[in-house]
Amino acid sequence: MIKAGVVGATGYAGAELCRILSGHPQAELTAISSVSFEGKALSEVYPAYFHMCDLVCTSEEKVVEACDVIFAALPHGLSQELAAKCAAKGKVFIDLGADFRLEAEEEYKEWYNGEFIHKELHEQAVYGLPELFRENIRGKKIIANPGCYTTAVPLALAPALAKGYIEKDGIIADCKSGVTGAGRKPTQNSHYPELNESFTAYKVASHRHTPEMEQTLSHVAQTPVKLTFVPHLLPVNRGILATCYAHLKEGVTKDMLQGAYQEAYGKEYFIRLLPEGRVADIRNVRFSNFCDISLHVDPRAGMLVAISAIDNMVKGAAGQAVQNMNLAFGLDETVGLKLFPPAF
């Protein structure tokens, strides 16, 4: 059994990791930590976990010592030193934060106001979006786990970009997120009276996930890609809906697009290409590691509209992190993740 530990276990992503790992047949949730709730059982913080996950939150150091793989569910800026401790002990480190996602230190400085403290660790780190970079992930020790928008948008666009069926300029990612994406710490915008009966955009054309999405799409297209990204906050707990618009190149048909997506994703367990007439919906991916994708063509305007839906806490965070753990340890990447969404 793989001994797994979670640092930051009482945040939403950390708690979701604990839920998924508790049911993993080849991993054991061995130790967890939380600065805010050290000494308390996770089931005291989340009563739904009573008798299911009663582990007591301990220190970060004890988690590193006791486990083979350490998941960091921490705000950006807090993972690099923890990664160094894990590397020194030969442990696998999977970061759900942003510290290892960007390849260029200049971009990290610009968007996160930080720097690469251990440059050698950044050189070792791999980007953990399995459906696009699976072979880079297998057996690696430091994995940067993508977040919600940075999973949903690239998966929606990658096959069309890889085939050269869409223009690399003028791409728009119009996205909506459930409020858990803002984290567990209350803010004015996530306060119930502010959120309820509301729907608004935020960080318009200035969200720090933008360079990460561009980095992924540029790798796929093998040429620099820029996009306009506008996120919105939905008054729901879970879900990411990414509606992506791109100009079709002349002569590209819907059949060509469907063929490209079938070729890229037809054998991917966690990507469900929806049949014509259906539209991706966050309700249909809740509590699962699936990404649903629907393709739509506007022939009058010459536009591809690719829509993806994920659960931001699972495929957009904890589920994908477990998928990466499976790859790192040579397991089938679906192990422990085959739960399908509830019907209602």
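The values are calculated or read from the model by the stated rules, or taken from the named source; none is laboratory data. Remember, it's a predicted structure, so these values are computed and weren't measured experimentally. Counting neighbours? That spans all protein chains shown, and the Cβs are built from the backbone with ideal geometry, glycine included.
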Being within 25 Å of residue 287 (Cβ to Cβ) and of a type in the set (S, T, N, Q) is the filter; apply it to the stretch 174-206 and report the residue that is surrounded by the most Cβ atoms within 10 Å (Cβ to Cβ).
177
Within the stretch 43-61, take every residue that is touching a Ser or Thr at 6+ places or on another chain (Cβ under 7 Å) and hydrophobic (A, V, I, L, M, F, W, C) and give me the one that is surrounded by the most Cβ atoms within 10 Å (Cβ to Cβ).
57
So residue 209, is it touching a Cys at 6+ places or on another chain (Cβ under 9 Å) and surrounded by fewer than 20 Cβ atoms within 10 Å (Cβ to Cβ)
no
Would you be able to tell me the number of residues in the stretch 163-192 that are touching a Leu at 6+ places or on another chain (Cβ under 9 Å) and assigned to a helix (DSSP H, G or I)?
3
Considering only residues that are of a type in the set (Gly, Ala, Ser) and surrounded by 20 or more Cβ atoms within 10 Å (Cβ to Cβ), look in the stretch 242-259 and name the one that is nearest to residue 305 (Cα to Cα).
246
Conditions (1) surrounded by fewer than 23 Cβ atoms within 10 Å (Cβ to Cβ); (2) under 28 Å from residue 216 (Cα atoms): number failed by residue 101
(1)
When you look at residue 114, is it surrounded by fewer than 21 Cβ atoms within 10 Å (Cβ to Cβ), at positive phi and not hydroxyl-bearing (Ser, Thr, Tyr), yes or no?
no
Is the stretch 92-109 home to any residue that is on the phi > 0 side of the Ramachandran plot and modelled with pLDDT of 95 or more?
no
Limited to the stretch 112-127, what total is found for residues that are over 22 Å from residue 184 (Cα atoms) and either in contact (Cβ under 8 Å) with a residue 24 or more places away in the chain or outside the structural domain of residue 35 (by TED's automatic domain parsing) (or both)?
8
